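What follows is a short report on a single structure.
The values are calculated or read from the model by the stated rules, or taken from the named source; none is laboratory data. From a predicted model like this one, the values you see are computed outputs, not experimental measurements. FYI the Cβ positions are ideal-geometry reconstructions off the backbone, even for glycines, and counts take in every protein chain you see. Ligands, DNA and RNA are stripped out before the accessible areas are found, and what is left, the full protein with its side chains, is counted by its heavy atoms. Shrake-Rupley method; radii C 1.70, N 1.55, O 1.52, S 1.80 Å.
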Amino acid sequence: MSERNERVSEVMVSALEGVRIDGRVLAVGASDAVVRALSEAGLEVALWDRWVEPGRTATPEPEAGVYDRICMRLPKGRDTLRAMLAVAARHLAPDGRVWLYGANDEGIRSSSRQLEEYFDHSESVDARRHCRVMQAHGRKPVDLPTLDHFAVEVSDTVAGRPVRFHTLPGVFAHGRLDDGTRLLLEHLTVEPGASVLDFGCGAGAVAAFLGEREGTMTGVDIDAWAVRCASRLPGTWVVGNGFQAVQQASFDHIVSNPPFHTGKDTDFSVMDALITQAAGRLTKGGRLTFVCPSTAPVKRALDAAFSKVALLVDNRRYRVWEAR
């Protein structure tokens, strides 16, 4: 857990000290420390995680039921917050309350605008260590939008082929086809009838590009909303972290635009795992094709894992590699 996440969790835990509340609470993206504090306050805790976390199951929507409280870690982006609040608030009791907590530099101080879209009242109930806990109550008598209400269609053309898929707020490159994936698709060749795994599939741009064909399509991603989007396309779609989440033993072709950021920091760990583990999940003669930043140090790892390595393109921002 990052230093900022620790501070944010500590402020939420502090706000719960000495509080005794009966009822059920939906903990959204909460750390283990916050979950314990909610339980110690007397609440029955149910978890909703949209992104895969160790030991937890990520789902696009919360478990069915009615909750007296919602305790939500502030997500990144105003549209993401609007969507996650709407989805969670559909399960909130009429007299229920929402606690929203986050750091000042994440935008928690301006979150009242999104809270007041669905609630009559919002106020700050605790602030310390450059973090804040907001509370909202008095749910407005309006029909809350469903998750699919927030879906946006992306329509583009790559290499003369139409590419259409849907995205949701917070999904990678929401509302557009990102430049790295575009470069990957422009240099992607998949054999007819091949079984394909999209590692870190996002909203399903690879499947949208390949279209209906012989063979099979499988995608895996840690974001349940990304998988929800990709599931509109033909294929098998899995919410999970890496190869261990995929049941099929091997594939003819693995394709990927792996994430290389954790917050604002560069993080090549997912890409490193892709390179070192992909060979063991490919059929004989199978291929790995992926895009990465031009600065990513991948050549040595590729040479160690594969017998044939080729640089397909380098546009000085991104490189597309293929290994056999």
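Among the candidates 274, 233, the residue that is in a loop (DSSP other than H, G, I, E, B), farther than 18 Å from residue 189 by Cβ and either open to solvent by less than 50 Å² (accessible area, probe 1.4 Å) or touching a Ser or Thr at 6+ places or on another chain (Cβ under 7 Å) (or both) is uniquely 233.
Among the residues of the range 44-88, those that are open to solvent by 40 Å² or more (accessible area, probe 1.4 Å) and hydrophobic (A, V, I, L, M, F, W, C) comprise 45, 47, 51, 64, 66. Just a yes or no: is a residue in the range 245-267 outside any helix (DSSP H, G or I), on the phi < 0 side of the Ramachandran plot, touching a helix residue (DSSP H, G or I) at 6+ places or on another chain (Cβ under 7 Å) and open to solvent by 50 Å² or more (accessible area, probe 1.4 Å)? Yes.
In this structure, residue 213 does not qualify as of a type outside the set (Asp, Glu), buried (at least 16 other Cβ atoms within 10 Å of the Cβ) and free of Cβ contacts under 8 Å to residues at least 40 places away in the same chain. Beta carbons closer than 7 Å, at least 6 apart along the sequence or on distinct chains, never pair a first residue in the range 304-324 that is within 16 Å of residue 293 (Cα to Cα) and surrounded by fewer than 16 Cβ atoms within 10 Å (Cβ to Cβ) with a second that is of a type in the set (A, V, I, L, M) and at pLDDT below 95. Only a single criterion out of (1) among the aliphatic types (A, V, I, L, M); (2) under 17 Å from residue 152 (Cα atoms); (3) surrounded by 18 or more Cβ atoms within 10 Å (Cβ to Cβ) is not satisfied by residue 220, namely (2). Restricting 98, 125, 133 to those that are assigned to a strand (DSSP E or B), open to solvent by 20 Å² or more (accessible area, probe 1.4 Å) and of a type in the set (Val, Ile, Thr) reduces the list to 125. Where residues in the range 101-122 are in a strand (DSSP E or B) and open to solvent by 20 Å² or more (accessible area, probe 1.4 Å), which of them is farthest from residue 30 (Cα to Cα)? Taking the candidates together, the pick is 120. Looking at the range 63-76, is at least one residue free of Cβ contacts under 8 Å to residues at least 24 places away in the same chain, out of contact with any helix residue (DSSP H, G or I) (no Cβ under 8 Å at 6 or more places or on another chain) and among the small types (Gly, Ala, Ser)? The answer is no; no qualifying residue exists.
Against the numbered list (1) under 29 Å from residue 231 (Cα atoms); (2) in contact with an Asp or Glu (Cβ under 6 Å, 6 or more places away or on another chain); (3) at pLDDT 95 or above, residue 56 comes up short only at (3).
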